[in-house]
Amino acid sequence: MFDDRDMIKTVSYIGQLLLKAVIFGILPFFFFILITSRTPVIGGIQSFTVLSGSMEPILPVGSIIFTQKFPSYRINDVIAFKRNNVIVTHRIVDIEDKNSVLYYKTKGDANNTVDSDPVSSFDILGRSFYYVPYLGRFVFFLKTIPGFLIFIILPALIYIIMEIFNIKNEMTKEIEKKLQQKMQKT
């Protein structure tokens with residue numbers, strides 16, 4: 001009852017569904033990460049990739065963290081801040097008030113000592129509220145030529161080719177339908 005054409009149609013349909021799920025489900029998430037990694041324009045959210053093991057095991061190397069700026073921070077908050085043009089993500093272990101400016105002493109969970117320089121409240125980029133472990137490694141791979149070709153260009157090409165075949169099949173059906181109508185008239 002199931003011939004090769006039906007099997008091909010079923011596999012094609014499942015492939016199209018999976019491809020659409022990737023294109024319309026996962027790609028928007030990656031665009032969100034891309035936008036928030038550059039600017040806090042979406043709800044004040046910024047994303048960063050964890051580059052060192054200073055916060056392991058809580059934040060493994062390659063995790064993507066999402067931060068948001070808050071009016072105040074507390075001890076045990078995990079914050080992202082800029083130090084010498086590098087984004088650092090560490091935990092607040094103490095807070096000092098110097099001339100009405102708050103300074104936060106920070107420490108990486110895996111580090112033995114507190115960071116040498118306290119962080120001014122002006123240097124804090126935000127508090128971590130969510131993270132996705134290891135996703136940053138995939139994002140780094142996407143930024144390479146092979147990653148871009150495999151995960152962006154190839155799925156787009158497959159989707160375009162499948163749509164071309166769908167259009168061709170619809171055109172063939174229309175032509176056959178018109179031919180049948182012509183044959184019935186004669």
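The values are calculated or read from the model by the stated rules, or taken from the named source; none is laboratory data. Everything numeric in this text was worked out from a predicted model, so none of it was measured. Quick reminder, even Gly has a Cβ in these numbers, built from the backbone with ideal geometry, and neighbours come from all protein chains shown.
Evaluation of Tyr104 against the conditions (1) free of Cβ contacts under 8 Å to residues at least 40 places away in the same chain; (2) of a type in the set (Phe, Trp, Tyr); (3) out of contact with any Asp or Glu (no Cβ under 9 Å at 6 or more places or on another chain) shows that the sole unmet condition is (3).
Of all the numbered requirements in (1) at pLDDT 85 or above; (2) surrounded by 11 or more Cβ atoms within 10 Å (Cβ to Cβ); (3) closer than 30 Å to Lys107 by Cα, Phe122 misses one, and that requirement is (2).
Within the stretch 1-52, the set of residues being touching a Pro at 6+ places or on another chain (Cβ under 8 Å) and at pLDDT 80 or above comprises Gln46, Val50. Of all residues in the stretch 1-19, those satisfying the criterion of being closer than 26 Å to Lys143 by Cα and touching a residue at least 24 places away in the same chain (Cβ under 8 Å) are Gly15, Gln16, Leu19.
In summary, Asp117 fulfils each of the numbered conditions (1) out of contact with any Leu (no Cβ under 9 Å at 6 or more places or on another chain); (2) of a type in the set (D, E, K, R); (3) without any contact (Cβ under 8 Å) to a residue 24 or more places away in the chain with the single exception of condition (3).
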